[in-house]
Ligand code: ADP
Ligand code: MG
């Protein structure tokens with residue numbers, strides 16, 4: 001589903017991703033961890049072409065993203081992304097946040113989009129908030145709306161960039177619960193998070209990044225028992 005082959009990326013002179021080789025299969029749940037500034041968000045943003053790579057090959061959902069000719073708008077419909085700061089439209093009701101892309105981009109009828117939206121709001125446990133505005137919701141509820149909005153496009157891959165980092169501690173669990181059930185349904189997911197309990201329990205693989213490189217790519221059992229790399233050991237010991 002996702003294949004990085006010898007991918008490099010520079011921001012001007014700065015070498016942010018170094019020789020990335022990574023393969024993610026359909027239905028896999030991969031958690032990316034590592035210190036701030038190590039390139040986690042950049043790697044994630046390359047997957048939906050929010051960033052372009054400077055060298056190597058990146059194939060996502062069968063589309064060669066290193067090829068300048070690809071139709072990016074069509075490609076992006078299949079990739080959902082959830083950000084740390086929700087990025088909901090503040091002046092639109094919850095239900096309208098979710099129906100916007102399916103009606104405008106996919107050409108789904110308003111009524112069908114509304115029914116789909118309500119279905120996904122039920123799935124994330126907040127059907128009663130359909131007519132609210134984002135500012136009337138808690139952080140955890142807003143993030144669940146953002147997930148429902150992503151799912152309404154029926155994506156093949158969901159990307160999460162620190163989805164719980166901006167939340168109050170008491171609402172983190174409700175967002176992780178939604179992500180856990182998506183994982184169990186077989187969604188292909190790539191998740192940047194500092195929630196180590198979630199990574200241990202839900203991830204098929206844990207990737208540890210530092211200074212633009214992938215230093216570890218292992219199962220959570222292996223990784224948390226004893227990471228091979230010293231930098232990963234130091235990183236984990238600081239979290240605990
Ligand atoms: P992480 O998500 O692991 O914290 P990022 O991918 O956001 O790391 O950033 C990696 C490095 O690239 C950081 O040093 C950051 O300052 C730099 N960086 C990120 N985005 C840009 C950009 N648009 N232009 C220049 N440098 C950037
Ligand atoms: Mg980041």
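The values are calculated or read from the model by the stated rules, or taken from the named source; none is laboratory data. Please read all numbers here as calculations on a predicted model, not as lab measurements. Every residue, glycine among them, receives a Cβ derived from its backbone with ideal geometry; neighbour counts consider all protein chains shown.
Summary of computed values
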| quantity | calculated |
| --- | --- |
| Count - residues of the range 20-44 that are surrounded by 15 or more Cβ atoms within 10 Å (Cβ to Cβ) and either free of Cβ contacts under 8 Å to residues at least 12 places away in the same chain or on the phi > 0 side of the Ramachandran plot (or both) | 2 |
| Checking residue 218 against (1) surrounded by 16 or more Cβ atoms within 10 Å (Cβ to Cβ); (2) touching a helix residue (DSSP H, G or I) at 6+ places or on another chain (Cβ under 9 Å); (3) free of Cβ contacts under 8 Å to residues at least 24 places away in the same chain, the condition it does not meet | (2) |
| Number of positions in the range 4-16 that are under 24 Å from residue 78 (Cα atoms) and either under 16 Å from the mean Cα position of the chain (by Cα) or within 16 Å of ligand 2 (Cβ to nearest atom) (or both) | 1 |
| Residue in the range 161-179 that is more than 16 Å from ligand 2 (Cβ to nearest atom), within 21 Å of residue 46 (Cα to Cα) and under 13 Å from the mean Cα position of the chain (by Cα) present | no |
| Residue 13 out of contact with any strand residue (DSSP E or B) (no Cβ under 7 Å at 6 or more places or on another chain) and surrounded by fewer than 15 Cβ atoms within 10 Å (Cβ to Cβ) | yes |
| Number of the condition not met by residue 54 [criteria: (1) more than 30 Å from residue 126 (Cβ to Cβ); (2) surrounded by fewer than 16 Cβ atoms within 10 Å (Cβ to Cβ); (3) out of contact with any strand residue (DSSP E or B) (no Cβ under 6 Å at 6 or more places or on another chain)] | (3) |
| Filter result for residue 228 (part of a helix (DSSP H, G or I) and either modelled with pLDDT under 95 or in contact with a helix residue (DSSP H, G or I) (Cβ under 6 Å, 6 or more places away or on another chain) (or both)) | no |
